[in-house]
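Remarks on the structure that follows.
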């Protein structure tokens, strides 16, 4: 009887593991399907109409939901779903300027969303590994070449890449998945993600405040600022690494 009970207990445990894996897979399929649909819409409309729709969606969501909407939208952005943080936070900056939002609560809401979304991407990399990402990474806007680049940077520069990448186009959100694949310690991932995301979010919110009613031009402005920002960060990183090596 005892052996029979142990056998049943073991079978129940294996069943739970199978169910859990199926749930993870189902969540990933839903996520990938959502991204695929958005990317197909982008290709068909060549962005003009869809981008206007996306801007309207962000504006109406934040105008109605306030801080909660900011957090939810930033979760989607952090999870590699193409909802640009530039639009979310620049409009939030405009609302701060107009007196409808508080600056620090907005920063907190945006950074919390960035962290939660990044953790979702981290868990996808952690649970499913490189083979899964190589097969389906295109739906997460993460090519094999980008994956190789990020992994090489991890080997060369270490955990600080999580911080620096928040300012690099194309890597800003994608970096969380290789961090999960490489089983980066969760506490280090959280610290560098919060620091990098908060700095980036503060920059976007500040620009939104300064641009006021012209916040909509944030995309073009960031496009001009990204190269100087990235160069400055890379120079600073190189200096820190050189100083550390000489010490």
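Brief remarks follow.
- Residue 222 fulfils the conditions (1) crowded, with 17+ Cβ neighbours inside 10 Å; (2) modelled with pLDDT under 75; (3) more than 19 Å from the chain's Cα centre (by Cα) except for a single criterion, (3).
- Condition check for residue 52: modelled with pLDDT of 90 or more and in a helix (DSSP H, G or I): no
- Breaking point among (1) closer than 14 Å to residue 142 by Cβ; (2) crowded, with 23+ Cβ neighbours inside 10 Å, for residue 171: (2)
- Qualifying residue in segment 65-87 (condition: surrounded by fewer than 14 Cβ atoms within 10 Å (Cβ to Cβ) and modelled with pLDDT of 50 or more): yes
The values are calculated or read from the model by the stated rules, or taken from the named source; none is laboratory data. As the structure is a prediction and not an experimental result, all values here were calculated from the model. So basically every Cβ, Gly included, is an ideal-geometry build from the backbone, and we count neighbours across all protein chains shown.
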